[in-house]
Amino acid sequence: MWHKSENTIRPAQLDKSSSKVYNIITKNVEEVTYIDDEGKEATKFVYDEAFILKEDWEVYESILQNKSDLQDIAEALDILTTIVLEG
């Protein structure tokens, strides 16, 4: 899923606009100084990058938005399980 990439421009942590199909996420961004082909000092960014289908990202965001609801449901299920097992 993750692959190494590099660019002379610092990548956004989350890019939702470059692709119609994918959202692009990056992590472990490192700024690297090197000598270019002309012998000049230059900077590039090396990072890990992953492409996530927009539909999958929407599911992920929905889960995050409903996280507290899911925690409440999990707690209710724990209580219900305790009642049933003790019952």
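Determine if the range 47-66 includes at least one residue that is surrounded by 10 or more Cβ atoms within 10 Å (Cβ to Cβ) and more than 25 Å from the chain's Cα centre (by Cα).
no
Test D48 against the stated conditions and say whether it is in contact (Cβ under 8 Å) with a residue 40 or more places away in the chain and either among the aromatic types (F, W, Y) or closer than 21 Å to K4 by Cα (or both).
Values: in contact (Cβ under 8 Å) with a residue 40 or more places away in the chain: yes; either among the aromatic types (F, W, Y) or closer than 21 Å to K4 by Cα (or both): yes.
Yes.
Report, by residue number, each residue of the range 30-42 that is more than 27 Å from M1 (Cβ to Cβ) and either surrounded by 11 or more Cβ atoms within 10 Å (Cβ to Cβ) or not β-branched (V, I, T) (or both).
The answer is Y34, D36, D37, E38, G39, K40, E41, A42.
Please note which strands (runs of 3 or more DSSP E) are completely contained in the range 1-84 and include at least 3 residues that are in contact with a strand residue (DSSP E or B) (Cβ under 9 Å, 6 or more places away or on another chain) and of a type in the set (S, T, N, Q).
Fully inside the range 1-84 and qualifying: 22-35.
No lab work stands behind these numbers, since they all come straight from the coordinates. Keep in mind that what you see is a predicted model, and the values were worked out from it rather than measured. Cβ: placed from backbone, ideal geometry, glycine included. Neighbour counts: every protein chain shown.
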